[in-house]
Amino acid sequence: MGEPAIKQKPVISRFFEVRLQSVVTDVPLGFDLFLLVSGNPILFRKQKDVLTSQRLHSLLSHGGQRFLVLEEQRPLYIQSLKEMVNNPETSMEVKSRYIKESAFLHVNDLFEKESVAETVKGAEILVSEMVDFVSEDVSAVANLMQLSKHDYYTYNHCVDVAVYTISLAKQLYGADREKLIQAGLGGLLHDVGKRKIDTALINKQTKLSQEEWLEIKKHPEYGQAILIDVENVPQDSKRAVYEHHENYDGTGYPNKKRGDEVCELSKIVAIADVFDALTTERSYHKAISPSEALDMMFGMQPGKFDPDLFEAFNKKFDKKANLKLLSDFDPCQAGSITRIEKK
C-alpha cells in the first residue's frame, strides 16, 4: 500500500473576503485582488494595477459584493485602509467606511482565531486610531455609522459600540488618551463571550426560549473567562465585558449589581450597546432613527442607565419619537417596539 494522501486545505481558506466598496480605486493597488468564479478564486487585478471607479461601479451594478485577498497580504490591505483614513483629502464619510472595514477585520479575528491575546494587540492599535477619528458629537457619529454598515451583525455591532463608547468617553474625559483607549477596547470586546455561543442562537429571528435565553445571558461570563489571562487589556475594559448588562437599579445580570457597584466604563458601554441595538437592523426588528432610539431609552429611565451618563449621551438629540419598548427590553433579545399614537 502507498502512503496515505495528505489532506489539502481548501484553496479558499487561503483568502479573506473584503467588500467591493472597501477597495481604494484609481490608484495602484497594494495587494492582489481575486473574484470568486464558480467556486474558484480568479485573479482580477494584480498588485500595482489600478482598479478604476468605473470598473468598480460596473461590478456593483452586476451584483458583485466581495473581493478575495490572500491571507498573507492582509497587512497590505489594512495598510491601504489606514492610508485613506490618514489622507487629509479623504471625506469623513469615506474615512468612516475605511476605518470600519479595518475594525471589522480585527473583530472577525477576535471571534474566529484561536488566540484572542494576539488579536487584542492589533485591536489596541486600531482603537488608538479610532480615538483620533471619533467625534464627541454623538449625533454626527451616528450619521456616519449609518453610512458604513457591514453585513455581519455581531461583528458590526462590536465596532459600533466601540465608536459610540469612545464618543461618550470624549465628552466625559476630554483628551485623556488612556481613558479613551480603555473605553474603545471595552466597547470593541464587550460581546467577545459570544464566540462561545452558537451563531444560529445569536441570530434567531423569534423570541428565545427560556433555556436559550439563559445561554445567551452567559456571554458576559464567557467573555471574562476568555480575557482573564490577556495581559494587555486594561482592568476597566475587562470589567465592561463582564458588567455591560448590569442595570443602574440592580435588575441586570450576571450579578444584579447596582449604582456605583458597576464600573463607570461598564455603564457607558451599556448605553452604547442598547443605542446601537435599536439603530441597527437585526434579525428580529427593523432599525429606527437615532432620535427615536434616544426617546425610547429615555422611557427606560429611571433604572436601566446611570442618569448622569445618559444625560451626557442624550444631550445632542432633542427630537421626540413617540415610541416605547417592553419594560424588559435587552439588546440581546428580540423586543417589541411600538409606536405611540400622537394625541
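Bear in mind these aren't lab numbers, they're just calculated from the coordinates by the rules spelled out. No experiment lies behind these values; they were computed from the predicted model shown. Using ideal geometry, Cβ is built from the backbone for each residue, glycine included, and neighbour counts are taken over all protein chains shown.
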Rank the residues E124, E311 as a footprinting-exposure proxy: fewest other Cβ atoms within 10 Å of their Cβ go first.
-> E311, E124
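When a footprinting reagent is the concern and you count Cβ atoms within 10 Å, what order do L227, L278, L35 take, fewest first? Walk me through the intermediate numbers first.
On the way: L227 21, L278 25, L35 16.
Ascending number of Cβ neighbours within 10 Å: L35, L227, L278.
For K218 and R55, what does the FRET efficiency come to when R0 = 35 Å and r is the distance between their Cβ atoms, rounded to the nearest 0.05?
Calculated value: 0.15.
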For each pair in K218/K238; K204/K286; K179/K218; K257/K286; K82/K121, compute the distance between the two Cα atoms and list the pairs where it is over 23 Å.
-> K179/K218; K257/K286
Specify the inter-centroid distance of the stretch 171-196 and the stretch 68-102, based on alpha-carbon positions, in whole Å.
-> 21
How large is ³J(HN,Hα) for each residue in the stretch 275-281, as worked out from phi by the Karplus curve 6.51 cos²θ - 1.76 cosθ + 1.60 (θ = phi - 60°), to whole Hz, x for Gly and Pro?
-> 4, 5, 4, 7, 8, 10, 5
Return the sequence-ordered ³J(HN,Hα) values of the stretch 44-53 in whole Hz as given by the Karplus equation 6.51 cos²θ - 1.76 cosθ + 1.60 applied to θ = phi - 60°, using x for Gly and Pro.
-> 9, 9, 7, 3, 6, 6, 10, 9, 7, 5
Among I226, I42, I216, which comes first, second and so on when ranked by fewest other beta-carbon atoms within 10 Å?
-> I42, I216, I226
Label-point gap, in nm, between N255 and E231 - each point 7 angstrom along Cα→Cβ | 2.5
